[in-house]
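Shown next, in structure tokens, is the structure this report addresses.
What follows is calculated from the coordinates using simple rules that are stated; it is not laboratory data. Because the structure is a prediction, the values reported are computed rather than measured. All Cβ positions, glycine included, derive from the backbone under ideal geometry; neighbour counts span all protein chains shown.
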């Protein structure tokens with residue numbers, strides 16, 4: 001009798017805990033959605049009027065940024081950010097996925113135990129440290145290359161790309177490795193039983209099965225690349241010109257951070273507009289990648 005009462009009491013307690021946790025998780029979900037909506041409205045409310053005053057065409061496609069003469073065109077900022085982000089992701093994606101495959105499926109436990117903490121350590125290094133190392137090590141090397149072409153600039157798009165690649169690699173590696181390790185070993189065993197080699201099993205079975213996690217890592221890496229400020233500020237230079245690989249350039253995030261402290265009036269509103277454009281870009285990247293992933297999953 002006592003055991004039955006104890007079991008009933010335990011079940012009631014468990015039910016109460018599950019209901020409480022369900023309420024907490026639901027509340028957290030609503031808070032997340034509300035936060036995104038509030039941020040979106042905030043950016044639209046602050047950045048929208050500036051874009052309307054300047055004119056969407058002049059603002060988005062103008063090639064002159066000169067606050068003293070009330071010229072606020074950000075096409076070069078947009079193209080520079082897109083070029084730097086795409087190049088960094090294109091270079092970092094295959095390297096990151098291959099390292100994740102190595103750590104999760106090829107390396108022995110001792111070697112993985114050494115490499116994995118090193119990757120995690122890289123992800124925890126502040127961006128300003130990456131920028132400092134880039135300014136000390138990468139920029140001088142590129143400066144010598146620039147001299148060979150008759151250029152002399154304090155930074156370049158190439159330096160920004162290299163630093164961004166190094167910065168987003170740990171994110172891509174960590175998320176991809178966790179996703180690949182989560183795939184049951186039965187997938188690998190089944191592929192081997194059907195006559196596939198070890199590498200064929202990994203590339204044809206394991207990696208496609210972990211596609212959602214790998215894409216999530218790429219999304220996070222892309223978001224960090226396009227939103228990075230301090231590191232690229234220290235290596236990219238500060239020239240509001242159209243992007244060229246070996247020339248000093250200015251990204252959208254750099255433009256906001258450099259001019260924010262002394263901006264006012266229309267210039268401050270234009271910086272809000274840059275922030276809105278950057279926010280929209282990040283939303284578009286997430287939306288496109290999620291839609292692509294869902295189509296691939298259904299297919």
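Could you compute the FRET efficiency for residue 52 and residue 16, with r as their C-beta to C-beta distance and R0 at 45 Å, rounded to 0.05?
Details: r = 53 Å, r/R0 = 1.18.
E(calc), rounded to 0.05, equals 0.25.
As a test of the formula, what do you get for the chain when each DSSP H run with n ≥ 4 contributes -39,500 (n - 2.57) and the sum is divided by the residue count, at 222 nm and rounded to the nearest 500 deg cm²/dmol?
Numbers: 13 runs with 221 residues, N = 299.
Rounded to the nearest 500, it is -25000 deg cm²/dmol.
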- [ ] In a Gaussian network model over the chain where Cα atoms closer than 10 Å are linked, find which of 252, 76, 283 has the largest mean-square fluctuation.
- [x] 283
Open item on the list: Tell me whether region 74-298 comes out rounded, prolate or oblate; compute the Cα gyration tensor, take square roots of the eigenvalues as a ≥ b ≥ c, and use a/c under 1.5 as the rounded threshold.
Closed with: prolate
TODO: Please determine, in degrees from 0 to 90 and to the nearest 10, the orientation of helix 109-124 with respect to the longest principal axis defined by the Cα atoms of the chain, where the helix direction is its Cα long axis.
DONE: 40
Task: Angle between the chain longest axis and helix 75-101 axis [Cα atoms, degrees, rounded to 10] - done: 30
TODO: Could you check which residue among 41, 86, 132 shows the biggest mean-square fluctuation in a GNM of the chain with a 10 Å Cα cutoff?
DONE: 41
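Using per-residue counts of other Cβ atoms within 10 Å, averaged over each peptide, order 43-54, 136-147, 184-195, 162-173 from highest down. Working shown, then result.
Numbers: 43-54: 16.8, 136-147: 15.0, 184-195: 11.9, 162-173: 24.4.
So the peptides 43-54, 136-147, 184-195, 162-173, ranked by packing, come out 162-173, 43-54, 136-147, 184-195.
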Open item on the list: Test of understanding: in a Gaussian network model of the chain with alpha carbons linked when under 10 Å, which of 25, 61, 149 would top the mean-square fluctuation ranking?
Closed with: 25
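When the chain is fully extended, how far beyond the present Cα-Cα distance does residue 91 get from residue 282, taking 0.36 nm per residue of separation? Please report the intermediate quantities before stating the final value.
Values: separation 191, 0.36 × 191 = 68.76 nm, distance 1.94 nm.
Working it through step by step, the gained length comes to 66.8 nm.
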TODO: Enter the angle in degrees (range 0 to 90, nearest 10) between the Cα long axis of helix 157-181 and the first principal axis of the Cα atoms of the chain, meaning the one along which they spread out most.
DONE: 10
